[in-house]
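The values are calculated or read from the model by the stated rules, or taken from the named source; none is laboratory data. None of these values were measured; they are calculated from a predicted model. All Cβ positions, glycine included, derive from the backbone under ideal geometry; neighbour counts span all protein chains shown. Remember, those area values only see protein heavy atoms, side chains included, never the ligands or the DNA or RNA. Shrake-Rupley method; radii C 1.70, N 1.55, O 1.52, S 1.80 Å.
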Amino acid sequence: MLSWNQPQEYMPMRHSRTSAFVSARSPAPTGAGGGLLPKRDLAAAWFLVVLIAAPAWVLTVGQAREMGIEPGTMGMALPLFLLLWVTMMAAMMLPSMAPVAITWVRGIGRQSSGWTRTVRTVEFVGGYLLVWTAFGVLAYAALALTGDLVEDHPTAGRWIGAAAFLLAGLHQLGPLKHVCLRHCRDPMSHLVRYTGFRQPVRDLRVGVHHGAYCVGCCAGLMVVLVPLGVMNVAAMAGLAVVIFVEKLWSRGPLLARVVGVAFLVLAALAPFQDRLLPGLQGSMPTMGGM
């Protein structure tokens, strides 16, 4: 069951700034039914999520159709790549991080109004996207390196793909994934901690902090875009579904482990199955021609 738990009782706090985020228990976003927001607010919040994510998907799909799937950075300069990357991350990550974002922004709305509320909301979203932008710089460097290797040594693509699937699988099964996924699945306890962050730019720090956990949770999944193709729409959609279900389904951790095992299987098959590596297909010869 996919759900957000409803806080049952708000605790009295010495500081009013924390009351917007603190409940008598620390609910996880899965398992018990209900929601972090009342039904009316929840419907409006999801409408806003769709309103933002849908155009991001439209832009991503349109650009992918124009560019196709090729190794490396496909000739893009870093600024253009980062623009596309952030758009992709908005499309893929927004639905799964909506519980935290909506709850924190709702708290901002209770504490401030007008331009102050707008600035604080922009700080929070900007902090989250800043972390993914930094990760995008690393992704660009990795794609540039692998693209050059495939261009100079076409058969290297098989081993690059195998290594990427191996890293992704180990990450899915490793402790970093476990810690970060637990954070993303139980955000309320961390929202309580965030209320202790001091101004200035507290909301920016909250966005950066949550974004860092999000990157830690999803980095392995992003690695497989190297062999599958960074502009592979089918791969992006599949990963977005995995990310969403991992974070919001009651058996999300089990799914994470299953996906990790699947990546390890793909790592073993990659050197022998070129069709598993559309993002590394240059002028790769067949295994018989090696």
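Seen from a random direction on average, the alpha-carbon convex hull of the range 43-168 projects onto 9.4 square nanometres.
Leaving ligands, DNA and RNA out of it, rank I160, I108 by accessible area with a 1.4 Å probe, largest first. Don't skip to the end; give the middle numbers.
Working: I160 25, I108 0 Å².
From most accessible down to least: I160, I108.
Pop the C-beta distance of R106 and L59 into the FRET formula with R0 = 35 Å and round what comes out to the nearest 0.05. Efficiency computed from Cβ-Cβ geometry: 0.80.
If the segment from L145 to A237 were pulled out straight at 0.36 nm per residue, it would be longer than the present Cα-Cα gap by 30.6 nm.
Per-residue SASA remark: E70, around 90 Å² accessible (1.4 Å probe; ligands, DNA and RNA not included). Figure legend: label point modelled 7 angstrom from the Cα of W159 along Cα→Cβ; residues of the range 67-105 with amide N under 19 Å from it are 72.
Starting from the eigenvalues of the Cα gyration tensor, five times each then square-rooted, give me the equivalent ellipsoid semi-axes of the range 120-159, largest first, whole Å.
Working: eigenvalues 240, 10, 4 Å².
Equivalent ellipsoid semi-axes, largest first: 35, 7, 5 Å.
Once both labels are positioned 7 Å from their Cα atoms along Cα-to-Cβ, the gap between V86 and H178 label points is 3.6 nm. If the label point is 7 Å along Cα→Cβ of V119, which residues in the range 188-223 have backbone nitrogen under 16 Å from it? The answer is 199-205. Modelled this way, with points 7 Å down the Cα-to-C-beta line, the labels at L170 and R257 are 2.0 nm from one another.
Mind checking the dipole of the range 174-245: about its Cα centre, +1 per Lys or Arg Cβ, -1 per Asp or Glu Cβ, Debye to the nearest 20? Walk me through the numbers on the way to the answer.
On the way: 7 positive and 2 negative charges, 55 e Å.
My answer is approximately 260 debye.
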